[in-house]
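Remarks on the structure that follows.
The values are calculated or read from the model by the stated rules, or taken from the named source; none is laboratory data. If you're wondering where the values come from, they're calculated on a predicted model, not measured in any experiment. So basically every Cβ, Gly included, is an ideal-geometry build from the backbone, and we count neighbours across all protein chains shown. Keep in mind that these areas ignore ligands, DNA and RNA; they rest on the heavy atoms of the full protein, side chains included. Shrake-Rupley method; radii C 1.70, N 1.55, O 1.52, S 1.80 Å.
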Amino acid sequence: MPPRLHLVLLVHAHQPTGNFDHVFEQSFVRCYRPFVEVLERHPNAHMGLHYTGPLLTWIESHHPDYFERLRELVKRGQVEMVGGGFYEPILISIPSADQRDQIVRLADYVEQHFGKRPEGAWLAERVWEPQLASVLASAGVGYTVLDDIHFLSAGFEQNELFGDYIAEDKGETIRVLPGQKSLRYLIPWDTVDKVMGGLHEMFRAHPDGIAAMGDDMEKFGGWPGTFEHCYDEQWLDQLFEAFERNSEWLDVCTPGEYLSTHTPLGRADLPTASYTEMMEWALPTRTRERYNALLKEFEGRADVLSFLRGCPWRGFFRKYSESNLMHKKMLRAASRISAAPRRRSGSKAAEELAQAHDLLQRAQCNDAYWHGIFGGLYAPHLRTDILRNLIRAEAIADRHTPGAAPPRIETLDYDGDGVDELLFTAPEYQALLKPSDGATMPVLDFRLTESALINSILRRPEPYHARLRDPNYRPATTTTAYEQTKVKERNLDRFLIYDRWARNTFRLFLFDPAKSSAEYESLQLQEDPGFAGGGFSVEDSSARSAELIREGYLMFGGANSDSTTELSVTKQFSFGPAPRGCEIACELRLRFKSPLQRPMAIGLESVANLLAPDAADRFFETPDGKQNLRFTGSVPGPTLRMEDGWQRVKIALHAPGAQHFWVAPIETVSESEEGFERVYQGSQILAVWYPDFAGANTWLGRLVWRIEQLD
């Protein structure tokens, strides 16, 4: 047989845990079903298909006939089902035991439903680290598809990327296929003629070579405009017809078909990497801007571009503290489950611990841990699903661990930043206190309803915000989803304000009493930075309380600030049960060591996210009646109530002596497949006091969260 170019396509279909059911259904109708229908019409188009566990189980429940169609495609050898981690984790970010369990679980599922155990595995976001060779091999994986940048970063030449290689770690090996970035940008964005022209050039240069591509099925109907392009205009049918017309030089085959007839070209000792765009997204914003300038400067120099790459995927933990906190919460839940005593197989306790392990693995789904164009960190419902699963999993582990039920305190570096935090745990709640950040609370879980009550996000600059601010901006191309200017509402740039502090609860604001609630909303209080976000020392702590102190000089008011007033601030936290819930209180004591030079207002901030801001079952109670969660303004003190019917939670904030509660929504502007959108991330709520300090050197204040479970 004359030589032919072997085109290996690995198409990946995914939906994250916690995504809305209507998104699953829309994607099925516009993407997953029509893609398979086109395959059925073109039996000579062979390829690998990968579906994540959450998507497979949803399809099995909602569209079981789809499984029958897939089984027929597998039976006739047209489709090779490919494995991976069941809940699509970033494998390098989860514990070793879960790496294997996730891979084996999806392999078992695929074998059970489609009759053949997968030989290959899809790596979520193609995130690779060298140790994965032994991880994958030990779990029975024979191959995976990576991107060309993985190989170029290891010193490969572009012309060496038309065969497969061996990756080895500690003596265990798998085969790795280099995916071609050029194909990802041609398919389905360019004309069929250009796709075939590019493939024919590869054939002329590499007869009997491989041209591989691993990419999302969602780009064939799920992304904006692609359903019309791929199916109404029959682009995908036309592509497969072109494959058939050119079969004398083009073999469109599954990964397994190629690997069974070819030997690897040698070793590939690949560095830590992901695909090019992901490594760009992981860069801090300012660094990313400089990186983009370099890419533009050398856009015509392929020899230079092969040496330029961004940041490893783990960089998201530095870039987004919220991602890091979720990740460390996941690792902690894993350690709690692992530490629980093993129980007799078949017992209720063993079943509950197995459920906890499943909840943990659900929470390892990657989408909410990062943000690019497609990452879900900015999606509160995805973060909420991860956090709810982790709250439930850790609570189960605690119930089955001797000594874990009574209230307890732990001093540990919870978030891996080199500084200890205080973790308070009881059957009703779990709260993390961060002395190094203003003695504030980044985590407050109400365990009775598995609710993460803070769950907000810092409003920070993103590189794409510049496109919103520039009325003359025009994208270089409109054919891909990587650069666009679509917006879901007008004038989104007015929401581009950036937080000074992490979105934690119990942050102390000392500021000019002439400031208003409008200036609080626009982040213009010019509060004292040291007492708001500086380090506090832990003076005393117990299972239900902690006392923290900071001493320093007042500096509020920007350019007009003075530093002649010496002040000591004590925060006394207490935790306790209450009917149908719990109470968490922060008592403030301000002691002036020198006279206060000018009037001062005191604010103690709460942050709460009750999710869907316009839902009728979520609201603030105000003198003017119920207000939805996008409410902005001032509510008279000393009590503010809010309710979430979906999470079955009622919260009362009580601040004796406080004149007001200033309330403002926390809303981000982020990028998604659909374009720029405004997303409600919770509300910031400031209890405000205006003390008369005349003749007094001490002031006492108190803010209490009373949390109740609704029927």
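Could you tell me how many degrees, from 0 to 90 and to the nearest 10, lie between the Cα long axis of helix 96-114 and the main elongation axis, the longest principal axis, of the Cα atoms of the chain?
So the inclination is approximately 50 degrees.
Looking only at Cα atoms, what is the convex hull volume of the stretch 294-385 per residue, in Å³?
Cα convex hull per residue, to the nearest whole number: 139 Å³.
Under the rule that an exposed site lies in a DSSP loop and has at most 12 other Cβ atoms within 10 Å, name the longest stretch of the chain with no chymotrypsin sites (Phe, Trp or Tyr not before Pro) of that kind, not counting the sites themselves.
21-306
In the stretch 650-711, which trypsin sites (Lys or Arg not before Pro) fall in coil by DSSP and have 14 or fewer other Cβ atoms within 10 Å?
none
Counting Lys and Arg as +1 and Asp and Glu as -1, what is the net charge of the other residues whose Cβ lies under 9 Å from the Cβ of VAL569?
So the surrounding residues net to +3.
Which value results for Rg/Rh of the stretch 53-101 when Rg is the Cα radius of gyration and Rh the Kirkwood radius based on the inverse mean 1/r?
1.10
Assign unit charges at the C-beta atoms only (+1 for Lys and Arg, -1 for Asp and Glu), then state the dipole size of the stretch 311-434 relative to its Cα centre in Debye, rounded to the nearest 20.
Charge dipole of the stretch 311-434: 320 debye, to the nearest 20.
For the chain, what relative contact order do you get, as a whole percent, if you take Cα pairs closer than 8 Å and at least 6 residues apart?
About 10 percent, as a whole number.
Semi-axes of the stretch 587-672's equivalent ellipsoid from the Cα gyration tensor, sqrt of 5 times each eigenvalue, largest first, rounded to whole Å?
Three semi-axes, in Å: 30, 16, 12.
Over 5 Å intervals from 0, what percent of Cα-Cα pairs in the stretch 526-646 sits in each interval?
Pair shares across the bins are 2, 8, 15, 15, 14, 15, 14, 10, 5, 1, 0.
Counting only helical runs of four or more DSSP H residues, what would the 222 nm mean residue ellipticity of the chain come to if each run contributes -39,500 (n - 2.57) and the total is spread over all its residues?
The per-residue figure over the chain is -8500 deg cm²/dmol.
Given the options VAL127, LEU10, VAL669, identify the residue whose Cα lies farthest towards the positive end of the charge dipole of the chain (+1 on Cβ of Lys, Arg; -1 on Cβ of Asp, Glu).
VAL669
What does the charge count around GLY155 come to, taking other residues whose C-beta lies under 12 Å from its C-beta (Lys +1, Arg +1, Asp -1, Glu -1)?
-2
Per residue, what accessible area does the chain have, given a 1.4 Å probe and all protein chains present, in Å²?
Solvent-accessible surface per residue comes out at 39 Å².
So how many Å³ per residue does the convex hull of the Cα atoms of the stretch 265-316 work out to?
Spread over its residues, the Cα hull of the stretch 265-316 gives 84 Å³ apiece.
In a solvent-free Debye calculation with one equal scatterer on each Cα, what is log10 I(q)/I(0) for the stretch 555-711 at q = 0.11, 0.12, 0.21 Å⁻¹, listed in the order of the q values?
With no solvent term, the Cα-only Debye profile gives -0.55, -0.64, -1.31.
With a cap of 13 neighbouring Cβ atoms within 10 Å, and only residues DSSP puts in a loop, list the trypsin sites (Lys or Arg not before Pro) found in the stretch 221-316.
For trypsin sites (Lys or Arg not before Pro) across the stretch 221-316 that sit outside H, G, I, E and B with at most 13 neighbouring Cβ atoms in 10 Å, the list reads ARG301.
Restricting things to Cα coordinates, could you compute the convex hull volume per residue of the stretch 108-233 in Å³?
In the stretch 108-233, the Cα hull volume divided by residue count equals 140 Å³.
Enter the Cα centre distance for the pair the stretch 310-366 and the stretch 380-449, rounded to the nearest angstrom.
The distance from the Cα centre of the stretch 310-366 to that of the stretch 380-449 comes to 13 Å.
Mind listing which trypsin sites (Lys or Arg not before Pro) in the stretch 315-415 are in a DSSP loop and have 14 or fewer other Cβ atoms within 10 Å?
ARG342, ARG344
Leaving out ligands, DNA and RNA, and with a 1.4 Å probe, what % of the accessible surface on the chain is carbon or sulfur?
C and S atoms contribute 49 percent here.
If the viscosity is 1.002 mPa s and the temperature 20 °C, what translational diffusion coefficient in µm²/s does Stokes-Einstein give for the stretch 248-340 when Rh comes from Kirkwood over Cα pairs?
124 µm²/s
In debye to the nearest 20, how big a dipole does the stretch 212-267 give about its Cα centre with +1 on each Lys and Arg Cβ and -1 on each Asp and Glu Cβ?
Dipole size: approximately 400 debye.
If you average 1/r across every pair of different Cα atoms in the stretch 1-107 and take the reciprocal, what Kirkwood value do you get, in Å?
After inverting the mean inverse Cα-Cα distance, the result is 15.2 Å.
Report the charge-dipole magnitude of the stretch 80-192 in Debye, nearest 20, computed about the Cα centre from +1 at each Lys and Arg Cβ and -1 at each Asp and Glu Cβ.
180 debye
Can you tell which of GLN597, PRO623, TRP646 lies farthest toward the positive end of the dipole of the chain, using +1 and -1 charges on the Cβ of basic and acidic side chains (Lys, Arg; Asp, Glu)?
Towards the positive end, the residue furthest out is GLN597.
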